[in-house]
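**Q** Here you go, one structure.
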Amino acid sequence: MILDNIASSDIAQEIYQLIAELYPICRSITGNGFRETLKIIQQYIPLSIHEVPTGTEVFDWTVPNEWNIKDAYIKNSQGEKIVDFANSNLHVLNYSIPVHQKLSLAELKSHLFTLPDYPDWIPYRTSYYKEAWGFCLSHNQYLQLKDEEYEVYINSSLEPGHLTYGEYFIPGESTDEVLISCHACHPSLCNDNLSGIAIATFIAKYLSQSNPRYSYRFIWIPGTIGSITWLAVNEAQVSNIKHGLVLTCLGDGGKFTYKKSRRGNTEIDRVAAYVLKNSPQEYEIIDFFPYGYDERQYCSPGFNLAVGCLMRSPHGSFPEYHTSADDLNFIHPQYLAESFAQCLSILHILDNNQVFLNQNPKCEPQLGKRGLYEGNNEVKDKRLHEMAMLWVLNFSDGQHTLLDIAQKSGITFDVIKNAADRLLAHDLLKLMTEFVIRHELCN
Ligand code: ZN
């Protein structure tokens with residue numbers, strides 16, 4: 001793959017550094033933490049920031065009140081802060097309503113969340129759609145709480161405001177779009193989903209310096225309510241989206257996981273499977289199921305978009321998921337770079353997976369007299385290049401994409417693509433129009 005060198009380049013550190021910069025911010029599905037995150041991403045790519053007012057009806061949902069938080073703590077009877085939001089933003093139940101009161105240990109306990117199985121870790125808990133307040137702490141700390149009076153203080157606000165999302169559009173030769181979506185609503189959690197946020201940012205930066213065939217639309221949205229809102233606000237343009245990927249959990253050392261679109265046999269599904277099969281890393285391909293991340297909304301039956309989900313370890317499959325242990329030590333620059341390269345490989349093949357028509361279909365054209373039996377700089381193996389040209393010529397019948405030909409021949413996509421480029425330059429192939437491609441692929 002032409003992208004092999006990427007995994008060893010500086011990109012590993014650059015992605016990790018962006019995650020480290022975003023890690024301390026207290027994000028939620030709305031609020032200033034989300035805006036601050038998008039402003040930092042704007043230092044890499046000129047994304048636009050969109051604000052949708054509280055109360056906006058979005059299909060069966062309503063954009064909620066905006067949540068912001070300044071401070072929170074629990075003090076013991078000596079006035080010592082024993083749980084402090086300043087130490088970890090996971091300490092507060094995300095979307096907690098404001099509270100300031102004194103209460104007994106028994107009363108306090110009904111507002112506390114811990115992980116008895118992992119007694120050193122702080123859980124990540126939310127209460128977006130039911131007004132509540134609470135604190136999350138390690139189970140070891142919980143066990144040490146004495147029977148005394150406590151003071152709880154949460155300086156938050158939950159008021160009409162906006163739901164914020166970021167969007168970045170790279171126009172291509174075609175108005176057909178590829179959607180790249182990631183949720184950006186989690187506070188200090190690295191794999192889920194600062195890894196997706198950062199990789200989407202660097203993929204966008206990389207593609208912005210190319211001249212892609214497709215147009216690419218990147219969105220950084222709050223999970224669930226964000227994709228529902230985005231689909232509702234942009235419904236008129238959704239039909240432009242021909243392929244898409246949800247990016248999440250891409251920084252851990254687990255094997256790659258590709259979750260297929262609901263349709264299950266779309267081009268993005270086939271390309272992702274091809275890339276994973278031809279990469280050295282372990283992988284698993286799983287069928288669509290209607291929970292998980294925002295693919296749930298893109299693949300709801302009313303849209304049924306060709307959107308899959310690329311992950312390493314899926315949500316819930318690693319104990320660190322939604323805990324303070326999903327931190328900067330849980331992810332690794334090398335794993336992030338591998339994920340970046342896999343994602344870029346998928347988009348590279350998708351963007352170049354075209355259909356051609358042989359202009360000399362009656363018997364083989366004479367390649368020697370056109371100088372096509374000479375090797376070229378990109379494919380050193382002359383015999384392989386010859387074979388690739390024969391495969392491309394024979395199957396460029398308007399029915400087969402270059403990926404079809406790569407799979408039939410067992411020759412890598414890039415060698416097949418290179419052969420097609422050379423044959424095209426010698427007028428032995430003609431590019432099929434996109435309309436025809438789609439028609440043919442549907443049959
Ligand atoms: Zn999550």
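**Q** Which ones in the stretch 380-394 are out of contact with any Lys or Arg (no Cβ under 9 Å at 6 or more places or on another chain) and either surrounded by fewer than 16 Cβ atoms within 10 Å (Cβ to Cβ) or farther than 14 Å from Lys408 by Cα (or both)?
**A** Lys380, Asp381, Lys382, Arg383, Leu384, Glu386, Leu390, Asn394, listed by residue number.
**Q** Select, from Thr54, Thr114, Thr126, the only residue that is within 28 Å of Leu22 (Cβ to Cβ) and in contact with a Pro (Cβ under 6 Å, 6 or more places away or on another chain).
**A** Thr54
**Q** Within the stretch 99-106, is even one residue under 29 Å from Thr62 (Cα atoms) and within 16 Å of the ligand (Cβ to nearest atom)?
**A** No, every residue in the stretch 99-106 fails to be under 29 Å from Thr62 (Cα atoms) and within 16 Å of the ligand (Cβ to nearest atom).
**Q** Checking the conditions here, which among Leu90, Leu108 is in the same structural domain as Glu131 (by TED's automatic domain parsing), touching a Pro at 6+ places or on another chain (Cβ under 9 Å) and not in a loop (DSSP other than H, G, I, E, B)?
**A** Leu90
**Q** How do the pairs read when you match residues in the stretch 36-54 that are surrounded by 15 or more Cβ atoms within 10 Å (Cβ to Cβ) with residues anywhere that are in a loop (DSSP other than H, G, I, E, B) and small (Gly, Ala, Ser), using Cβ under 7 Å and keeping only pairs 6 or more apart or on different chains?
**A** Hits for this filter: Thr37/Ala184; Thr54/Gly161.
**Q** Hey, can you tell me all the residues within the stretch 302-314 that are in a loop (DSSP other than H, G, I, E, B), within 12 Å of the ligand (Cβ to nearest atom) and surrounded by 23 or more Cβ atoms within 10 Å (Cβ to Cβ)?
**A** None; the set is empty.
**Q** Just to check your reading of the model, which residue among His400, His348, His385 is touching a residue at least 24 places away in the same chain (Cβ under 8 Å) and assigned to a strand (DSSP E or B)?
**A** His400
**Q** Evaluate the following for Ala12: is it modelled with pLDDT under 95, surrounded by 16 or more Cβ atoms within 10 Å (Cβ to Cβ), over 30 Å from Leu103 (Cα atoms) and among the aliphatic types (A, V, I, L, M)?
**A** no
**Q** Another question, then. Being part of a loop (DSSP other than H, G, I, E, B) and under 13 Å from His91 (Cβ atoms) is the filter here; which residues of the stretch 111-129 pass it?
**A** Result: His111, Thr114, Trp121, Ile122, Tyr124, Arg125.
A quick yes/no check of all residues on (1) part of a loop (DSSP other than H, G, I, E, B); (2) loosely packed, with under 13 Cβ neighbours inside 10 Å:
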| residue | (1), (2) |
| --- | --- |
| Asp269 | no, no |
| Pro280 | yes, yes |
| Ser300 | yes, no |
| Gly316 | yes, yes |
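**Q** Determine whether the stretch 228-238 contains at least one residue that is of a type in the set (Asp, Glu), assigned to a helix (DSSP H, G or I) and more than 13 Å from the ligand (Cβ to nearest atom).
**A** Within the stretch 228-238, one or more residues are of a type in the set (Asp, Glu), assigned to a helix (DSSP H, G or I) and more than 13 Å from the ligand (Cβ to nearest atom).
**Q** Which condition number in (1) exposed (fewer than 14 other Cβ atoms within 10 Å of the Cβ); (2) modelled with pLDDT under 95 is the one that Asp427 fails?
**A** (2)
The values are calculated or read from the model by the stated rules, or taken from the named source; none is laboratory data. Predicted model, so just to flag it, every value in this text is computed and none were measured. No Cβ is skipped: glycine too gets one built from the backbone with ideal geometry, and neighbour counts run over all protein chains shown.
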